[in-house]
Amino acid sequence: MSNIIDLTLSELVSNIKNKKISSNEATSAYVERSKKSKNLNAYNEEAFDIALKKANDFDSKPDFNKKLPGIPIAVKDLFCTRNIKTTASSKILNNFIPTYESTVTQNLWNEGSILLGKLNCDEFAMGSSNETSYFGNVISPIDKDLVPGGSSGGSASALAAKLTPATIGTDTGGSIRQPASFTGTVGLKPTYGSCSRYGIVAFASSLDQAGPMTRNVKDSALLLEVMSSFDNKDSTSVDFKRPMYSKDLSKDIKGKKIGIPKEYRVEGMSEEIEKLWEDGKKYLKDCGAEIIDISLPHTKFALPTYYIVAPAEASSNLARYDGVKYGFRTVGDNLIDMYEKTRSAGFGDEVKRRIMIGTYVLSSGYYDAYYLKAQKVRRLIKNDFSNTFQKVDAILTPSTPSSAFKIGEKSNDPVSMYLNDIFTVPVNLAGLPGISIPAGLDKKGYPLGLQIIGKSFDEQNILNIAYSMEDKINFKFNLKEWWMNE
Amino acid sequence: MSIDLKTVKHISKLSRISLDDEKAKKLETDLNSIFKWIEQLNELETENIEPLSSIVETKLRLRKDEIKSKNIREEILKNSPDENKDFFVVPKVVE
């Protein structure tokens, strides 16, 4: 039999169900490998001892009817986990121990999964390179100089380096799909309202969604099936009959109409990305789908709109970090002085920048010019998609305008960093589901991804399209284990 | 429109984030380049467009006002930055 760590999530599940592998064997294999991979800086908090104990508990009383029986899994450090430190990679939360569990992680444990640890990310999920974390950069297993993408960078790095069989991230403007694209993995952002936001450290509440990050499309379907649920504790959770995504997964996409938006052919896009996109169209045609040219005229306004809406919501959400009830505190001369010093020392530069942008666009005299304007443009962007989805079943785009960049390459220029999310942000603004799948390598040998965008709550459809394409693409990346310590 | 240093300091006050002069100057540069880029939204005519604040445009659900969690006062107070078994402690507010 092949190595445990080389098995996909679905394969590991069947091996455990068939009693060929125990939960202890699986958990030990991932704990061992994670311990040898500290150079990647993927973990914020390790829960290895508890995980091994829980694996033994599972093996002594196994329930093979669960969907993730005794499966170890590491999660982004943005999900609150009861009694396990949760920091959002921020100094201001660096000693915070939640008294409750996020609904999404609870759904994983209810299906038999076991927490391996908490994975590094950009501070409060604000970043596209994992360089804003208080706990330092995450390194990509693809190459030691490369960022893994962000904000779910620790998740992407741990997944690609096989420190966990699958993982979960959150996506506000591309934070699942962009790091998945950079690391040759599969990342899915579900429709807004599919996965509960309860217990996830909030960034921008009208955009945040949790989603699966996996080695292939089948695993993505399985993990989404477990994560997604209607939840009374999230007022924007949507009550609909959730399909059995993994059971209903099919490669029959004959006759599906796939849109190619001309506005995504952005200035300066590399030939490699052009070719990747062309290849994607060819694969879809080979599967019997029909390619249709479409227009999403307001695409270029999506990023500036996002950089008003997201910081505005963030500045409100992050107002709660005042050093009073939990988290880090700096002593001050009086209450206001304490707030100001605590927040100045507790937040990193990117978080401060976004709080300041958000405060400004919501402040008296600027609200109409910026925030209200952005909400109106958001409507136009959403309408672009609704009009298009009258004509097509899904949309195919590149996931990112380039492959992974080097650590430090964009950290001094916020706007150039923001431009990285040009293909992913519109999807969040419209609340739609999107999946990034690995689709090829660039000249340097770094992974590139393609994104499939679907109608609201049509995850099954984009999973099926991704599943068909995955077969044709047959993506291979030869992972050299340069980061491992003996 | 540009954001001057005085405005940066005003926003930092509103944000309850203290800034030294060096950081304020750096932010002045950053914010100006970000807002210059954001200004392109003004190319769009949006007079008669309804603003979109949430993608899920349904009515908020009502539920009974019931206590479901257990009494976890001690656990919650354990996260308090200033150690005290009974209260959250803050600097003196009332003279």
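Only the coordinates and a few stated rules stand behind these numbers; no lab work does. Because the structure is predicted, anything quoted here is derived from the model rather than measured. Reconstructed Cβ throughout: ideal geometry from the backbone, glycine too, with neighbour counts over all protein chains shown.
Of all lysines in the structure, the ones whose alpha carbon falls short of 25 Å from that of B:K64, not counting any fewer than 8 places away in one chain, are A:K233, A:K241. Each part gets one Cα centre, and for region A:253-301 versus region A:446-484 those centres are 15 Å apart. Once the Cβ-Cβ distance of B:K25 and A:A319 is raised to the sixth power relative to R0 = 25 Å, the FRET efficiency obtained is 0.50.
Each peptide in A:450-459, A:374-383 gets a packing score, the mean of other Cβ atoms within 10 Å over its residues, and the list from highest to lowest is A:450-459, A:374-383.
Close amide H contacts of A:I291 (hydrogens built in the peptide plane, cut-off under 5 Å, sequence separation of 5 or more or a different chain): A:I258.
Distance from the Cα centroid of region A:32-88 to that of region A:127-144 is 21 Å (rounded to whole angstrom).
Among B:E47, B:E75, B:E22, the largest mean-square fluctuation in a Gaussian network model of chain B, built with springs joining Cα atoms closer than 10 Å, belongs to B:E75. Computed from label points 7 Å out along Cα-Cβ, the spacing between A:K53 and B:V89 is 3.1 nm.
Inter-label distance, B:I76 to A:N95: 2.0 nm, where each label sits 7 Å from its Cα along the C-beta direction.
Nearest 10 degrees is fine. How inclined is helix B:5-14 to the longest principal axis of chain B, computing both from alpha carbons? So the helix axis and the longest Cα principal axis differ by about 20 degrees.
Its relative contact order, with pairs defined as Cα atoms under 8 Å and 6+ residues apart, puts chain B at 16 percent.
Maximal additional length on extending the A:N383-A:K262 stretch stands at 41.9 nm, based on 0.36 nm per residue less the C-alpha distance.
Under the criterion of Cα pairs below 8 Å and six or more residues apart, the relative contact order for region A:1-143 equals 26 percent. Oblate is the label for chain B, because a/c, from the alpha-carbon gyration tensor with a ≥ b ≥ c as root eigenvalues, is 1.5 or above and a/b does not exceed b/c.
Taking Cβ atoms as reference points and 14 Å as the exclusive limit, the residues near A:K38 contribute a net charge of -1, counting Lys and Arg as +1 and Asp and Glu as -1. Take every pair of alpha-carbon atoms less than 8 Å apart whose residues are at least six positions apart; their mean separation over the length of chain A yields a relative contact order of 18 percent.
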